[in-house]
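Right, one structure below, let's go through it.
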Amino acid sequence: MASGTRSLKVLVCGGGIAGQALAYWLVRGGHDVVVVERFPELRATGAQVDLRGQGIEAIGAMGLLDAVRGKLVDEAGVAFVDARGRARATIMANTSGRGRQTLTSEYEIMRGDLVRILHDATKNDVEYVFGTSVDRFVQAEEKVVAYFSDGSSGEFDLLVGADGQGSRIRRSILPADAAESYRRVGIHMSYWFVPRIASDTNIRDTYNAPGGRMIMRRSHNPDETQVYFVLRETSEEASAIHRAPVERQKEFWAERFRDAGWQTDRFLRGMEATPSFYSQEVVQVRTNIWSRGRVALVGDAAHCSSPYSGMGVSGALVGAYVLAGEINRHPTDLSRALADYDTALRPFVDQIQATVKPRLLRLGMPMNQWGIDALHTVSGLAAFLRIPDLVARLSKEDRGGTWQLPESPQLT
């Protein structure tokens, strides 16, 4: 190691993408890593995610790009459809290997498959503890003591919160008077799986209904189709519904979408019985504090960029890469490692978060039929002139901008 040979004992709270990627790099830096995950088993579930820009580079640096390619979802592009299911505009994926990804990435993969790939790459070197979470922790000058939900405790050199956008670890290290860490954009989303039918193609269908409502349909295997309901709403009820019991959440979405048209009836029938239902508010996590003492944040816990950035998973992979790199370089000086992590990663995070522009998002979810017709006309003309394809191919970089991935954190 660059600044000493000390092996650290690191506790990672959260066994998702960011947590497992961080563990991957830390054990290759010679550290002992324990990952605690509150779910009773590997949470290899979730909807479709994508890799872009520096996220593809980070997976490549891990030697896992071929494994990812072996699990890619066949999604050729995105179609904007009307109430009769007719495509009014279609934007295809940029598969040239150059320039910018379009609405569909060249690397589309189910979250569960990516989680399993990362787990297979780490399970022999990392201690995983499922069904357990960190209830609280106490810091001292030379250690942090974590108290777990099963009544046990342990001493560690470093605790890392990789526990998602609602991170309990983040709430624990932020000052009581800290500004709100959520940037709300007034949009809510739910998704679930339904049986695939013959008309479900490898083109993602996007349908707009009056009232700021959007439905997306995308199919990831021969048997299943993903359904997304997206709602433009700023009410207190909408923000609170994601914490309600699942049955109440389903009632909320059914109430909001019952008259939306297109294939809504089919999707609502599927929602009633699905075990895969998930509901969330679309937010960004923005905080100036990514660490305090011997506790740090990574992934969505530190800088959730929201699904609309297209860089959520890539941001988690890159953040884990950079944090592990600084720890591996400065294992005897964690305060420097965590400060350098912030300095190195902050410009990248600022770039990917800036891609989310609430005003443009609202334009893409019109409140009335006139706005929907205008959206279809503009999108159809752009697709006819191949403007999205030309912009993607001629762009010099993807959504992560010109920021360069640092030297590999694998220091041996």
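The rows are residues; the columns are (1) closer than 30 Å to L381 by Cα; (2) outside the structural domain of R213 (by the TED database); (3) in contact with an Asp or Glu (Cβ under 8 Å, 6 or more places away or on another chain); (4) open to solvent by less than 70 Å² (accessible area, probe 1.4 Å).
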{"residue": "D82", "(1), (2), (3), (4)": "yes, no, no, yes"}
{"residue": "R88", "(1), (2), (3), (4)": "yes, no, yes, no"}
{"residue": "N94", "(1), (2), (3), (4)": "yes, no, yes, yes"}
{"residue": "Q101", "(1), (2), (3), (4)": "yes, no, yes, yes"}
{"residue": "T132", "(1), (2), (3), (4)": "no, yes, yes, yes"}
{"residue": "A140", "(1), (2), (3), (4)": "no, yes, no, yes"}
{"residue": "D150", "(1), (2), (3), (4)": "no, yes, no, no"}
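Residues of the stretch 218-268 that are among the small types (G, A, S) and within 23 Å of the chain's Cα centre (by Cα): S219, A238, S239, A240, A244. Scanning the stretch 375-412 for residues that are under 30 Å from L317 (Cβ atoms), surrounded by 14 or more Cβ atoms within 10 Å (Cβ to Cβ) and at pLDDT 85 or above gives W403, L405, P406.
Within the stretch 270-279, if we keep just the residues that are loosely packed, with under 15 Cβ neighbours inside 10 Å and farther than 15 Å from F257 by Cα, the residue that is farthest from the chain's Cα centre (by Cα) turns out to be A273. So, of the residues in the stretch 316-374 that are of a type in the set (V, I, T) and open to solvent by less than 10 Å² (accessible area, probe 1.4 Å), which turns out to be farthest from Q20 (Cα to Cα)? Once the filter is applied, the top-ranked residue is I372.
Hey, any hits in the stretch 135-158 for a residue that's of a type in the set (A, V, I, L, M, F, W, C), part of a helix (DSSP H, G or I) and at pLDDT 95 or above?
No, the stretch 135-158 has no match at all.
Number of residues in the stretch 331-374 that are part of a loop (DSSP other than H, G, I, E, B) and of a type outside the set (S, T, N, Q): the value is 8.
Which residue, of R243, R217, R213, R232, is in contact with a Lys or Arg (Cβ under 9 Å, 6 or more places away or on another chain), in the same structural domain as H376 (by the TED database) and more than 20 Å from A87 (Cβ to Cβ)? Unique residue meeting the criteria: R232.
Candidates A260, A254, A296, A301: the one that is assigned to a loop (DSSP other than H, G, I, E, B) and of a type outside the set (F, W, Y) is A260.
Just one of the listed residues (D66, D113, D50) is on the phi < 0 side of the Ramachandran plot, out of contact with any helix residue (DSSP H, G or I) (no Cβ under 9 Å at 6 or more places or on another chain) and open to solvent by 20 Å² or more (accessible area, probe 1.4 Å), namely D66.
Within the stretch 244-272, residues that are closer than 13 Å to Y191 by Cβ sit with their Cβ atoms under 8 Å from residues that are part of a helix (DSSP H, G or I) and open to solvent by 40 Å² or more (accessible area, probe 1.4 Å), at 6+ positions apart or across chains, in these pairs: K250/E272.
The values are calculated or read from the model by the stated rules, or taken from the named source; none is laboratory data. Computed from a predicted model, the values in this text were never measured in an experiment. Neighbour counts are summed over all protein chains in view; Cβ atoms, including those assigned to glycine, are modelled from backbone coordinates with ideal geometry. Calculation scope for accessible area: heavy atoms of the full protein, side chains included, ligands and nucleic acids excluded. Shrake-Rupley method; radii C 1.70, N 1.55, O 1.52, S 1.80 Å.
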